[in-house]
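Have a look at the structure below before the remarks.
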Amino acid sequence: MSILNKSRLLLVFIIGAFILTGCMNSPDPEEKIYDVLENVVAKEKDFEKQQEPLVKLEKREKELYDKIINLGMKDFKEIKKLSDEASSIVEQRVTHMEKEQESIQASKKEFETLSPTIEEIEDKKLKDKAKELYEIMMDRYKIHDTLYKDYSKATQLDKELYAMFKKEDLTLEQLEGQVSKINDMYEKILASNKQFNEKTKEYNEAKLNFYKEAGLEIKTEE
């Protein structure tokens, strides 16, 4: 029997809080952009809060899955009990992912207000950096949309799997087919997650470069 290789999804969000100092003489558009970017950080706080509980739930679910596989069909009553618990954990994962998506969407709505402000920047080099920053972040949002959709599909497949375990007439062929679909989906999730992390790092660097080009004195908090 195939063993399900369920990959852990940990969406790493690494945006440092940039503190503006001595900016009283900054040009008005730059001040507006700074305020929006800091609001974006605040909007994604709920996103960050979902990461630890998600990891714990995924770890616990994997433990339950391994127990089910090790039991085979020797104790069907116990398999049903474990399957119900695992399915309940999947539902909890969905709840956390929904909260994560809501946070990202709130961040996106705030970030999109930058577009007209960027056009107010007179310095061409600075405007180009602002546009680059904008494009990077919008790409990041697109990647997360893909992550969210694929994660939603994966959790649905997970729930189907645990429902299958509760059927006494489950065949090895059916189980292997479902496990294959789940593994394929989590491979897609891992690839998108890697892209998301890389795009987040790229955004952080572009953000810092924009602040420096704007002549703002800044420091970062770890």
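The values are calculated or read from the model by the stated rules, or taken from the named source; none is laboratory data. Remember, it's a predicted structure, so these values are computed and weren't measured experimentally. So basically every Cβ, Gly included, is an ideal-geometry build from the backbone, and we count neighbours across all protein chains shown. Accessible surface areas use protein heavy atoms only, side chains included; no ligands, DNA or RNA. Shrake-Rupley method; radii C 1.70, N 1.55, O 1.52, S 1.80 Å.
Does any residue in segment 195-222 that is over 23 Å from Lys32 (Cβ atoms) and hydrophobic (A, V, I, L, M, F, W, C) come within less than 8 Å, Cβ to Cβ, of a residue that is modelled with pLDDT of 95 or more and open to solvent by 20 Å² or more (accessible area, probe 1.4 Å) six or more places away or on a different chain, and which pairs are these?
Phe196/Ile143
So if I check each of Glu122, Glu160, Glu168, which one is modelled with pLDDT of 95 or more and of a type in the set (Asp, Glu)? Please lay out each step first, then the result.
Working: Glu122 fails: modelled with pLDDT of 95 or more; Glu168 fails: modelled with pLDDT of 95 or more.
Testing whether each residue is modelled with pLDDT of 95 or more and of a type in the set (Asp, Glu) leaves just Glu160.
Restricting attention to segment 167-217, report how many residues are over 26 Å from Glu30 (Cα atoms) and of a type outside the set (Lys, Arg). Break it down into steps so the answer makes sense when it comes.
Taking segment 167-217 and keeping what is over 26 Å from Glu30 (Cα atoms), we get 167-197.
Next, from what is left, pick out any that are of a type outside the set (Lys, Arg): 168-180, 182-187, 189-193, 195-197.
Residues meeting the conditions: 27.
Against the condition of a type in the set (Lys, Arg), open to solvent by less than 20 Å² (accessible area, probe 1.4 Å) and closer than 25 Å to Lys194 by Cα, how does Arg60 come out, does it pass? Outline the logic, then answer.
Details: of a type in the set (Lys, Arg): yes; open to solvent by less than 20 Å² (accessible area, probe 1.4 Å): no; closer than 25 Å to Lys194 by Cα: yes.
Criteria not met by Arg60.
Looking at (1) at positive phi; (2) in a helix (DSSP H, G or I), which is the one condition that is false for Gly215?
Here Gly215 clears every test but (2).
Just one of the numbered conditions (1) free of Cβ contacts under 8 Å to residues at least 60 places away in the same chain; (2) of a type outside the set (Lys, Arg); (3) open to solvent by less than 80 Å² (accessible area, probe 1.4 Å) is not true of Thr117; which one?
Only one criterion is unmet by Thr117, namely (1).
Which one is nearest to Glu102 (Cα to Cα), of the residues in segment 124-160 that are more than 12 Å from the chain's Cα centre (by Cα), open to solvent by 60 Å² or more (accessible area, probe 1.4 Å) and free of Cβ contacts under 8 Å to residues at least 12 places away in the same chain?
Gln156
Return the residues of segment 65-102 that are more than 12 Å from Phe165 (Cα to Cα), touching a residue at least 40 places away in the same chain (Cβ under 8 Å) and aliphatic (A, V, I, L, M); say none if nothing qualifies.
Val90, Val94, Met97
Given (1) over 25 Å from Leu170 (Cβ atoms); (2) more than 23 Å from the chain's Cα centre (by Cα), identify the lone condition not met by Phe76.
If we test Phe76 against (1) over 25 Å from Leu170 (Cβ atoms); (2) more than 23 Å from the chain's Cα centre (by Cα), just (1) comes out false.
Checking the conditions here, which among Glu187, Glu205, Glu176 is in a helix (DSSP H, G or I), within 30 Å of Lys125 (Cα to Cα) and open to solvent by 20 Å² or more (accessible area, probe 1.4 Å)? If you could, list the steps in order and put the result at the bottom.
Details: Glu187 fails: within 30 Å of Lys125 (Cα to Cα); Glu176 fails: within 30 Å of Lys125 (Cα to Cα).
Answer to the check: Glu205.
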